[in-house]
Amino acid sequence: MPDHARSDRRRLTRALGCAAAGAAGAAYLPAVVSLGQWLPVTSAAGVCRWRGSAARPEIGITFDDGPHPEATPAVLDRLDQLGIRATFFPLASMAERHPELVAEVVRRGHVVGTHGYRHGHHLLHGPGWVRRDLDAAGRVMADLGLAPRWYRPAYGQVTAATLAVARSRGWETVLWSAWGREWATADPAAVARRIVKRLAPGAVVLLHDSDRFGPPGMWRTALAALERVGDAMGGRSLAGVTLDELAR
Ligand SMILES: [Zn+2]
């Protein structure tokens, strides 16, 4: 783990206190999301989604942290082969370096949301930082000719400022109901198993078309897991659709 990430994690641990620190530290991911998977707190308030309707046999697969010059084209090709439409949450600071990759995602029929600009921990920053980050992301997306509907906060960390700023921009905050945790293992079978366990209609799946915030080559694990998840979806007659379609 890079030094800055280690330091962020220590600060996050302090910010969350002892009870949440175990969950957040162990997974290097937020307690907010860990809780969110079981407690429909934010969903009940109607401010944040992490799954779609279970009424149709559809799954929303999502990719965070791109675009990545190797990973994103490989993921796009695999999605085409599997007949899946997905939703991408590019980091704006990467999107401005690789605008052609974002354009290609759109050209292939997928939906592009936003993952913010700098991938900071919202639990460690004040409302001003959150607003500046989302404003910067909004400017990049506008420069690319895109007006995102969906916003996924980095690390799934949702604060009152996250929700307020996203809503003021007209973005719907969305988390996920199934993750592969491909940053924690290089075994695509293990990643796929974790996702397939939660592969119910309406599920929103988190994967990454990048290894920017995980171990080198993490995206290859995600790509191989995607193949297995696609097979499982086919076996259960579950269609892979965009979040726009999932939210119909
Ligand atoms: Zn991310």
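Rule-based calculations on the coordinates, nothing more; no lab input. All values reported here derive from a predicted model rather than from experimental measurement. Cβ placement follows ideal geometry from the backbone for every residue including glycine, while neighbour counts extend to all protein chains displayed.
What's the extension gain from Arg97 to Ala54 if we count 0.36 nm per residue and subtract their Cα-Cα distance?
Working: separation 43, 0.36 × 43 = 15.48 nm, distance 3.74 nm.
Length gained between Arg97 and Ala54: 11.7 nm.
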In nanometres, what is the gap between the two model label sites at Asp77 and Glu227, each 7 Å from Cα along Cα-to-Cβ? 1.2
